[in-house]
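Read the structure below first, then the notes.
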Amino acid sequence: MRAGLVAAVVCGLAVGMAPAAHASEDLMSGSFTVKGPNEVIDTWTISNLCNVIETGCVANVTSPLIEGKAVYQGMHTWAMKITGQVPVCPDKTKTRGAMVFTWNSQTLQGELMEIQQGNCQMTRPGQSQIPITLVPA
């Protein structure tokens, strides 16, 4: 019985100390093509502002369409919310609203929630969720 308990404790310690994915991989910088299900949505340049990844780390995100700050949420997740006059209309023109991006820095998969509060041509205010993939350029 005692040998089994010791083996279980040692095994548990070994599993607990298994190397996790390198957190430094969560530090994102460079150029990324942002793809939706059927089209390229944007091309981002991400400039990391942290030397060490930790919750609350910030990165600048710029593109021809947007400028924002992404914040590391922990667990390989980044989030960025942009509000005001944003390109949420179907033709990418700007109106009052918000764009909320979330993505996983390991899989580069995420989601864009577009919240349209102003008027766009031929559509009503509302929101949509679009799956996205970041592809290193």
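Name every residue in segment 82-121 that is open to solvent by 20 Å² or more (accessible area, probe 1.4 Å) and touching a helix residue (DSSP H, G or I) at 6+ places or on another chain (Cβ under 9 Å), in order of residue number.
The one that is open to solvent by 20 Å² or more (accessible area, probe 1.4 Å) and touching a helix residue (DSSP H, G or I) at 6+ places or on another chain (Cβ under 9 Å): 106.
I'd like to verify a number: residues in segment 91-111 that are under 8 Å from the mean Cα position of the chain (by Cα), part of a strand (DSSP E or B) and of a type in the set (Gly, Ala, Ser), how many?
Of the residues in segment 91-111, 1 are under 8 Å from the mean Cα position of the chain (by Cα), part of a strand (DSSP E or B) and of a type in the set (Gly, Ala, Ser).
Can you run down the residue pairs with Cβ atoms below 9 Å, 6 or more apart or on separate chains, where the first is in segment 83-102 and among the acidic types (Asp, Glu) and the partner is modelled with pLDDT under 95?
Hits for this filter: 91/120; 91/121.
If you go through segment 67-86 one residue at a time, do you hit one that is out of contact with any Pro (no Cβ under 6 Å at 6 or more places or on another chain), among the β-branched types (Val, Ile, Thr) and outside any strand (DSSP E or B)?
Checking segment 67-86: not a single residue is out of contact with any Pro (no Cβ under 6 Å at 6 or more places or on another chain), among the β-branched types (Val, Ile, Thr) and outside any strand (DSSP E or B).
Which pairs turn up if I take residues in segment 115-137 that are more than 20 Å from residue 81 (Cα to Cα) and small (Gly, Ala, Ser) and look for partners that are open to solvent by less than 80 Å² (accessible area, probe 1.4 Å) and not in a loop (DSSP other than H, G, I, E, B) with beta carbon separation below 7 Å, at least 6 apart in sequence or on another chain?
Sorted first by the residue in segment 115-137, then by its partner, the pairs are 137/31; 137/32; 137/33; 137/43.
Hey, among the residues in segment 31-47 that are more than 11 Å from residue 130 (Cβ to Cβ) and not hydrophobic (A, V, I, L, M, F, W, C), which one's surrounded by the most Cβ atoms within 10 Å (Cβ to Cβ)?
Across segment 31-47, the extreme among qualifying residues is 42.
The values are calculated or read from the model by the stated rules, or taken from the named source; none is laboratory data. Here the structure is a predicted model, which means the values were calculated and not measured. Using ideal geometry, Cβ is built from the backbone for each residue, glycine included, and neighbour counts are taken over all protein chains shown. Accessible surface is based on the protein model in full, side chains and every heavy atom, while ligands, DNA and RNA are left aside. Shrake-Rupley method; radii C 1.70, N 1.55, O 1.52, S 1.80 Å.
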